[in-house]
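> The following block contains the structure, expressed as structure tokens.
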Amino acid sequence: MTQETFKILAVVFLGVVLAVVLKNYKPEFSVVFAIFLGAVVTGCVLKNVFPAIKNIYEIFENGVGNNECFNIVLKALGISYIADFCADVCNDFGQTSFANKAILAGKCGIFVLCVPLINNVLKTAIGFINL
């Protein structure tokens with residue numbers, strides 16, 4: 001994974017240099033290139049992370065932990081990455097307000113996703129208090 005990470009970082013660095021050079025000649029292509037490169041890099045990162053996620057999922061599937069909790073945590077992680085990517089794209093366009101709204105939407109989505117976990121924790125705590 002370390003070698004893959006350095007390769008991805010090298011691609012990002014070269015992509016930034018190309019985007020800056022391209023911005024001087026064709027600004028409209030620079031934006032499209034930046035979004036495309038961001039999507040490609042995100043895909044490469046996810047491709048490298050999926051084996052680790054699969055390994056952890058198998059551990060939970062074999063009865064070590066609560067599979068529902070793992071699924072919620074994984075979805076929350078996905079929401080946070082997508083919201084962050086969206087906010088970065090908005091910031092690249094100079095749209096700070098929209099970037100903040102993307103982050104807010106991600107946080108709210110994670111909160112809504114975690115409500116069942118919060119409910120279970122509260123029920124467990126109340127059960128301990130009533131003992």
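> With the crude spin-label approximation of a point 7 Å out along Cα→Cβ, what separation in nm comes out for Leu46 versus Phe6?
2.7
> Can you give the accessible area of Leu9 in Å² (nearest 10), computed on protein heavy atoms with a 1.4 Å probe?
Rounded to the nearest 10, that gives 100 Å².
> Quick check: pseudo-label points 7 Å beyond the Cα along Cα→Cβ at Leu117 and Ile35, how many nm apart are they?
So the label points at Leu117 and Ile35 sit 3.2 nm apart.
> Quantify, in whole percent, the carbon and sulfur part of the accessible surface of the chain (1.4 Å probe; protein heavy atoms only).
Carbon and sulfur: 72 percent of the exposed surface of the chain.
> Just to make sure I understand: if all protein chains stay in place, what is the order of Ser80, Ser97 by accessible area at 1.4 Å, largest first?
Ser97, Ser80
> Additional query: Which whole-number percentage describes the relative contact order of the chain, with Cα contacts under 8 Å and a sequence gap of 6 or more?
17
> Where in segment 99-129 does the label zone of Asn71 land, with the point 7 angstrom along Cα→C-beta and an amide N cut-off under 16 Å?
Under cut-off, by backbone N: 113-118, 120.
> According to the square roots a ≥ b ≥ c of the eigenvalues of the Cα gyration tensor, what is the shape class of the chain, taking rounded for a/c under 1.5, prolate for a/b larger than b/c otherwise, and oblate for the remainder?
oblate
> Still on this model: Sort Phe128, Phe93 from largest to smallest accessible area, using a 1.4 Å probe on the heavy atoms of the protein chains.
From most accessible down to least: Phe128, Phe93.
> Same structure again: Quick one: accessible area per residue over the chain, 1.4 Å probe, rounded to a whole number of Å²?
Each residue of the chain exposes 74 Å² on average to a 1.4 Å probe.
> If you add up the charges near Ile82, with Lys and Arg at +1 and Asp and Glu at -1, over every other residue whose beta carbon is less than 13 angstrom from its beta carbon, what do you get?
Overall, the nearby charge balance is 0.
> Give me the accessible area of Ile118, 1.4 Å probe, in Å² rounded to the nearest 10.
80
The values are calculated or read from the model by the stated rules, or taken from the named source; none is laboratory data. Being a predicted model, the structure only gives us computed values, none of them experimental. With ideal geometry, Cβ positions are generated from the backbone for all residues, glycine too; neighbour counts draw on all protein chains shown. Heads up: the accessible areas ignore ligands, DNA and RNA and are worked out on the full protein's heavy atoms, side chains in. Shrake-Rupley method; radii C 1.70, N 1.55, O 1.52, S 1.80 Å.
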